[in-house]
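The values are calculated or read from the model by the stated rules, or taken from the named source; none is laboratory data. Because the structure is predicted, anything quoted here is derived from the model rather than measured. A quick note on method: Cβ atoms are made from the backbone with ideal geometry, for glycine too, and the neighbour counts reach across all protein chains shown.
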Amino acid sequence: SAVISQKPSRDICQRGTSLTIQCQVDSQVTMMFWYRQQPGQSLTLIATANQGSEATYESGFVIDKFPISRPNLTFSTLTVSNMSPEDSSIYLCSVVGDFHYNEQFFGPGTRLTVL
Amino acid sequence: AQSVSQHNHHVILSEAASLELGCNYSYGGTVNLFWYVQYPGQHLQLLLKYFSGDPLVKGIKGFEAEFIKSKFSFNLRKPSVQWSDTAEYFCAVNANQAGTALIFGKGTTLSVSS
């Protein structure tokens, strides 16, 4: 299994500002995913982040709003830009381990509230 | 389009009652199936998974699930629930190829009264 940490664990932000969420994994992993869980909802995939290439975004999510970096095999960041109250969600980082490539492990999430 | 459907939004049971949560999926090709649990205030944890082989899989905490390919279903069961099983349960699916992301159902909230 993989141990994933996220920073910050929670934040309260003003509309129009940006927040960068960090995801750190205790081992090298090929693929990372970023999900959003809106209040009372299920998880929705935002994008797939592969090291050395640009992130691949799902329908409804764009790079200008959710820029992602993946500088190495253990780290990724997701920025939520120009925030509005509708961005209030839990943002989760997930990884696929190289040896259990069909199983995903999830970080604890970042709870974002936008005022 | 790929999708996962969980039939029950909120299930309320008394302790020792039996549990079955429905999950159906729509996904072309061979799939892997998962059930995740999210206890109040905690992050997602894997309950059980199906990749191949025996369609009846056993997970942690006495949970099991049965993959019925003809029905595109992967229902979660537990013969006797406990108060500590109160949580949100998510069914998820991905393609049986390396590194494909999970598609989640909307989740089922289970409330168990003691």
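Here A:E58 fulfils each of the conditions (1) more than 13 Å from chain B (Cβ to nearest Cβ); (2) modelled with pLDDT under 95 apart from (1). If you go through segment A:17-42 and keep only what is in contact with a strand residue (DSSP E or B) (Cβ under 8 Å, 6 or more places away or on another chain), at pLDDT 95 or above and over 21 Å from B:G99 (Cβ atoms), you end up with A:S18, A:L19, A:T20, A:I21, A:Q22.
Residue-wise test of (1) of a type in the set (A, V, I, L, M, F, W, C); (2) within 16 Å of the chain's Cα centre (by Cα).
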position: B:H9; (1), (2): no, yes
position: B:A17; (1), (2): yes, no
position: B:E20; (1), (2): no, yes
position: B:S26; (1), (2): no, yes
position: B:V31; (1), (2): yes, yes
position: B:V37; (1), (2): yes, yes
position: B:P40; (1), (2): no, no
position: B:F51; (1), (2): yes, yes
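Selection of segment B:79-109 for residues being in a strand (DSSP E or B) and within 17 Å of B:H43 (Cβ to Cβ) yields B:A87, B:E88, B:Y89, B:F90, B:A92, B:F104, B:T109. Scanning segment B:20-37 for residues that are more than 9 Å from every other protein chain (Cβ to nearest Cβ) and either farther than 16 Å from B:A1 by Cα or at pLDDT below 90 (or both) turns up B:E20, B:L21, B:G22, B:C23, B:Y27, B:G28, B:G29, B:T30, B:V31, B:L33, B:W35, B:V37. For segment B:20-59, the set of residues classified as more than 14 Å from A:E103 (Cβ to Cβ), surrounded by fewer than 18 Cβ atoms within 10 Å (Cβ to Cβ) and in contact with a Leu (Cβ under 9 Å, 6 or more places away or on another chain) consists of B:E20, B:G22, B:H43, B:K58, listed by residue number.
Could you run through segment A:94-110 and say how many residues are within 11 Å of A:Q6 (Cβ to Cβ), of a type outside the set (G, A, S) and either assigned to a loop (DSSP other than H, G, I, E, B) or modelled with pLDDT of 95 or more (or both)? Here the count works out to 2.
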